[in-house]
1. Given the conditions (1) more than 10 Å from ligand 2 (Cβ to nearest atom); (2) open to solvent by 10 Å² or more (accessible area, probe 1.4 Å); (3) more than 10 Å from chain B (Cβ to nearest Cβ), which single one is not true for A:C10?
2. Quick one: in the range B:364-386, of everything that is crowded, with 24+ Cβ neighbours inside 10 Å and among the small types (G, A, S), which residue is nearest to B:R291 (Cα to Cα)?
3. Those residues that are in contact with a Cys (Cβ under 8 Å, 6 or more places away or on another chain) and either assigned to a helix (DSSP H, G or I) or within 17 Å of B:G240 (Cα to Cα) (or both), I need them from the range B:278-301; list them, please.
4. Looking at (1) more than 9 Å from ligand 2 (Cβ to nearest atom); (2) in contact (Cβ under 8 Å) with a residue 12 or more places away in the chain; (3) within 16 Å of B:L63 (Cα to Cα), which is the one condition that is false for A:V48?
5. I'd like the full set of residues that are at pLDDT 90 or above, surrounded by fewer than 22 Cβ atoms within 10 Å (Cβ to Cβ), within 11 Å of another protein chain (Cβ to nearest Cβ) and assigned to a loop (DSSP other than H, G, I, E, B), limited to the range B:47-64.
6. I'd like the residue in the range A:13-42 that is away from ligand 1 (no atom under 16 Å from the Cβ) and of a type in the set (G, A, S) and, out of all such residues, is surrounded by the fewest Cβ atoms within 10 Å (Cβ to Cβ).
7. Taking the condition modelled with pLDDT of 95 or more, of a type in the set (A, V, I, L, M, F, W, C) and outside any helix (DSSP H, G or I), does B:F323 pass?
8. Kindly provide the set of residues from the range B:270-291 that are under 11 Å from the mean Cα position of the chain (by Cα) and not small (G, A, S), ordered by number.
Amino acid sequence: MKIIVDRQRCDGNGVCMGIAPEVFDVDDDLYLHVAENIPEDPELRARVRQSVTSCPILALKLVED
Amino acid sequence: MGGMRQRIVVAGGSLAGHSAVTELVGLVPEAEIVWVTGEQHRTYSKPALSKEFMQARNELSELMLPDIGGDLSNLRIVRRSCASLDTANRTVTLDDGEKIAFDQLLIATGAQARMPGMLRGVGGVFPLRTLDDAVAIRESLAGRPKVLVVGGGLIGCELAASMRTLGLEVTLVERLDTLLDRPFGGAFGSYFLDLHRANGVDLVMDAMVERVSLNDGRVAAVELADGAKIETQLVVVGAGSEPCTQWLEGSGLIVADGVVCDSYLATSMPGIFAAGDVARWTNPIYDLQMRVEHWTNASAQGRAAARNLAASATGRQELRKPFADVPYFWSDQYGQKIQMVGWHQGHDRVELDRSADAPGPLARFYRDGRMIAAAGVNVPRIVMRLRRQIEEEARAQEAA
Ligand SMILES: Cc1cc2nc3c(=O)[nH]c(=O)nc-3n(C[C@H](O)[C@H](O)[C@H](O)COP(=O)(O)OP(=O)(O)OC[C@H]3O[C@@H](n4cnc5c(N)ncnc54)[C@H](O)[C@@H]3O)c2cc1C
Ligand code: SF4
């Protein structure tokens, strides 16, 4: 599983971070950091998928492996 | 209904409906899912309507949520409105009279903009709730009108910010003497006043629009309760919203400013659930009934209600779970990232944090010594950490 962020669009509102803080982290410059490796944990992965569909700017894309 | 295929009806085609249907398609492939929505568009992102889209920073196609994935052979989409609900015969009647029978129903009809009587049906006056509203407002910006914003809530303030960002002349009329009073529990009082003034909005506080003057059927000016007259060619209204529950009148379902649900998002009738802006549920985090009108709530609640509905449809009890959540929303005005977590109503103390070198103010709300909410500007990390803290403290208290 890999996350692609559209940097042009992401405005750092932190919705994704609110749902899966283990994977998404918006810093105080409103820049979004995404974890390189997302653990296999199914509960976490379900939340990561929810983050992707919850981004109100639709700035996240998910590539499943 | 032995042996017959079950039918699940989802009413409402915005975010809560979309996330419920996405979940149901995978969870109960053996059932037929009928998704009824009054919208003629695919599901789109509403938060962008007052922000990026209003500022012409993105286009229509960029607002659309992803298609429902997976095998869709059991899904039927009906683009019409629900007119009434018959809980005895378990049918939904559509606006053209067609009746759809259901075994389970998920209500996600959201909310609609409130429009003060004297502003209804006037040319050049627009609410903002739907994509069509936003397109209509954007089209009327072409003549670079002088804009009047009615209401200093989230929608009004975001519209004022977007219009100023576009360089238009903006006047905002608000009944109270503060902006964003309800969403932020009054904590940031002068911060928002200063922010909008610094960006050139003409703020008219403690004021009410009393009537409109027309020219050729279009608004030319509004008159305030104190007699003052403000010329304008475009009025945008952010006067709050109300849940879309008219179609449930007479159904016997308990409705009280929203469809009343337990902590499982189950309504007062078996097999009928609700989610999103329309639902008033008991949030175990606070042990309080609340109706939350924010994006992430609609998304998470749609999923949660779908799972509880699937549990009732299939008997798979492992899917059943209460919906316990610390509400969250953000707003974007002039590039300032404003965030709020939790539920501040009933707070008895606010702690304000405003060090000179901080990127923005931060507030913590307490009730009986327990932190129940927090809000901040440009401090997303801190606010999100506080969200976790509120949740963990609530769970610890529940366990104790
Ligand atoms: C301009 C704007 C900006 C916003 N900005 C933010 C923000 O920055 N952050 C944030 O957290 N939240 C924001 N929100 C709130 C967020 O968009 C809502 O919480 C969310 O849309 C709720 O989704 P919902 O599916 O519950 O309801 P809604 O989006 O209200 O959708 C309800 C759906 O039901 C349909 N419907 C209604 N009645 C019927 C009927 N009788 N029959 C069939 N269909 C029906 C409607 O057509 C609609 O498709 C904003 C909202 C608006 C309008
Ligand atoms: S939710 Fe979307 S816009 Fe917000 S921080 Fe995450 S990726 Fe960026």
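1. Among (1) more than 10 Å from ligand 2 (Cβ to nearest atom); (2) open to solvent by 10 Å² or more (accessible area, probe 1.4 Å); (3) more than 10 Å from chain B (Cβ to nearest Cβ), A:C10 violates only (1).
2. Per the criteria, the residue is B:A373.
3. B:V278, B:A279, B:R280, listed by residue number.
4. For A:V48, the exception is condition (3).
5. Across the range B:47-64, the qualifying residue is only B:E52.
6. The extreme case among them is A:A35.
7. Yes; evaluated as a whole, the condition is true for this residue.
8. Selection gives B:D277, B:V278, B:R291.
The values are calculated or read from the model by the stated rules, or taken from the named source; none is laboratory data. What you see is a predicted model, and the numbers here were worked out from it, not measured in a lab. As a convention, Cβ positions derive from the backbone with ideal geometry for all residues, glycine included, and neighbour counts pool all protein chains shown. The area values use the complete protein model at the heavy-atom level, side chains included, leaving out ligands, DNA and RNA. Shrake-Rupley method; radii C 1.70, N 1.55, O 1.52, S 1.80 Å.
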